């Protein structure tokens with residue numbers, strides 16, 4: 001995750017409506033043209049519903 005731009009990640013996460021499932025989050029990310037690095041990280045988070053961007057950030061931090 002060291003090459004992931006955290007500012008860009010946060011900006012991207014704020015572009016989607018919550019709550020959102022992992023599947024829908026990835027779908028929206030692809031539709032909105034999120035950076036490939038962001039997409040790769042999102043595909044690694046647990047399958048569940050996320051209530052806020054902070055919840056997604058926490059899941060990403062738990063991957064590392």
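The values are calculated or read from the model by the stated rules, or taken from the named source; none is laboratory data. Predicted model, so just to flag it, every value in this text is computed and none were measured. A quick note on method: Cβ atoms are made from the backbone with ideal geometry, for glycine too, and the neighbour counts reach across all protein chains shown.
Here are some notes:
- The set of residues from the range 52-64 being within 17 Å of residue 4 (Cβ to Cβ), surrounded by 13 or more Cβ atoms within 10 Å (Cβ to Cβ) and without any contact (Cβ under 8 Å) to a residue 40 or more places away in the chain comprises just one member, 59.
- Each residue in the range 22-51 was checked for being in contact (Cβ under 8 Å) with a residue 12 or more places away in the chain and in contact with a helix residue (DSSP H, G or I) (Cβ under 9 Å, 6 or more places away or on another chain), and 20 pass.
- When the range 7-32 is filtered for residues that are under 16 Å from residue 43 (Cα atoms) and exposed (fewer than 13 other Cβ atoms within 10 Å of the Cβ), the ones remaining, listed by number, are 21, 23, 30, 31, 32.
- Apart from one condition, residue 37 fits all of (1) surrounded by 16 or more Cβ atoms within 10 Å (Cβ to Cβ); (2) at pLDDT below 95; the exception is (1).
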